[in-house]
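Have a look at the structure below before the remarks.
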Amino acid sequence: MATRTQSKSRTGNNQSQSRTTGRSAANSKSMSTSRSSSSRTSSSSRSRSSRNQNEDMPNSKFHQLFLDQLKDMYWAEKALVKALGKMQKAATSEELMDAIAHHQEQTREHVTRLERVFESLGQTPKAKKCPAMEGLIAEGQECIDDTEEDTAVRDAGLIICSQKIEHYEISTYGSLRTLAGRMGHEDAARLLEQTLNEEKETDVLLTQLAESSINEEAAAE
């Protein structure tokens, strides 16, 4: 009798534990489903909020600032195409002439790329005079006027002026890329990033030219 009673007791306990385990699994599944649903709802809300934010951006002062800076850079790049032609003719070193010519071709592409940026935003490309670039170009011309032809000193001066231009472009394109990304303009950000990288490469090339030979030759003149 004691054995049968113990056996029944163990059977009852096992059934009770089984029911408890089943209820715990069901509760856990229910909680997991609830969390998953909550996560999807939260993600959907963030996505809608992001879309609404981007839809409102074209009318915001922040977006207008972005467009104004694009117009400023559009003018700057177009003006730089002409200025680089003059700087190339004034250079003495063949390596420097080639570097400036390459930059001029890149700059033409940068103008076209900015037009694509405007188009990605549904805007007509427009230029707004850039006083900063106007001043940098004028400084380059002053360097040509104040140095002798066929000298390394002029080449060294041209590199300095060119790098001032590069640093202005690097800072501007870096800022424009950041603003485009903040507003969710992915295509614009990608195009601006591409130009930014090219400007950095040109700056490095100019440094290499100066340090490899031109500065040393200029110092010996």
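Things to note:
- Tail fraction, Cα-Cα pairs, the range 62-220, threshold 25 Å, whole percent: 31 percent
- For residue 139, net neighbour charge (Lys/Arg +1, Asp/Glu -1) across residues whose Cβ lies under 12 Å away: -3
- Summing +1 for each Lys or Arg and -1 for each Asp or Glu among the other residues whose beta-carbon sits under 10 angstrom from that of residue 127 gives +3.
Here, each number is a calculation from the coordinates, and none is a lab measurement. No experiment lies behind these values; they were computed from the predicted model shown. In this analysis, Cβ positions are derived from the backbone assuming ideal geometry, glycine residues included, and neighbour counts consider all displayed protein chains.
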